[in-house]
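The values are calculated or read from the model by the stated rules, or taken from the named source; none is laboratory data. The structure presented is a predicted model; accordingly, all values stated were derived computationally and were not measured. Neighbour counts run over all protein chains shown; Cβ positions are idealised from the backbone, glycine included.
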Amino acid sequence: MEKITRRHALIRVAGATAGLAAISACQKSSGVQCAAPGQLTRSQQAARDGRQYVEASKVSGKTCTNCTFFKTAGGDCGTCAIDDMPANPEGYCISWSQAEGAQYKKTGGQHA
């Protein structure tokens with residue numbers, strides 16, 4: 001039987017903690033992918049890249065849901081009026097413009 005030292009036990013606990021933190025972070029987003037790169041043509045992907053579109057916003061308080069260009073489509077995904085392509089409600093791009101009547105709250109994190 002292998003003797004477990006305090007050092008080995010601490011390393012295992014640290015590894016398990018890091019793994020749980022990563023799983024927890026992944027579960028915070030909806031997990032819905034509305035515009036997978038493989039589903040877009042080159043020109044569509046170039047348009048998305050030019051606007052720096054991401055499926056999960058990293059800019060606090062700014063998501064497709066509260067953007068003037070976002071249109072709901074009745075499912076998990078909506079549509080962006082700029083390019084008429086699928087858009088994730090939790091997504092973001094640099095063309096974001098606050099929708100009329102939408103609440104925008106700066107809550108720490110990045111701000112554009």
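Condition first: out of contact with any strand residue (DSSP E or B) (no Cβ under 7 Å at 6 or more places or on another chain), surrounded by fewer than 19 Cβ atoms within 10 Å (Cβ to Cβ), under 15 Å from L40 (Cβ atoms) and free of Cβ contacts under 8 Å to residues at least 24 places away in the same chain. Can you find one or more residues in region 79-86 that meet it? Checked region 79-86: at least one residue is out of contact with any strand residue (DSSP E or B) (no Cβ under 7 Å at 6 or more places or on another chain), surrounded by fewer than 19 Cβ atoms within 10 Å (Cβ to Cβ), under 15 Å from L40 (Cβ atoms) and free of Cβ contacts under 8 Å to residues at least 24 places away in the same chain. Run T72 past the list (1) surrounded by fewer than 13 Cβ atoms within 10 Å (Cβ to Cβ); (2) among the β-branched types (V, I, T); (3) within 14 Å of the chain's Cα centre (by Cα) and report the number of the one that doesn't hold. The one condition T72 does not meet is (3).
Within region 1-48, the set of residues being at pLDDT 60 or above, under 30 Å from F70 (Cα atoms) and hydroxyl-bearing (S, T, Y) comprises T41, S43. Of all the listed residues (K58, K105, K62), the sole one being modelled with pLDDT of 90 or more, of a type in the set (D, E, K, R) and in contact with a Gly (Cβ under 9 Å, 6 or more places away or on another chain) is K58.
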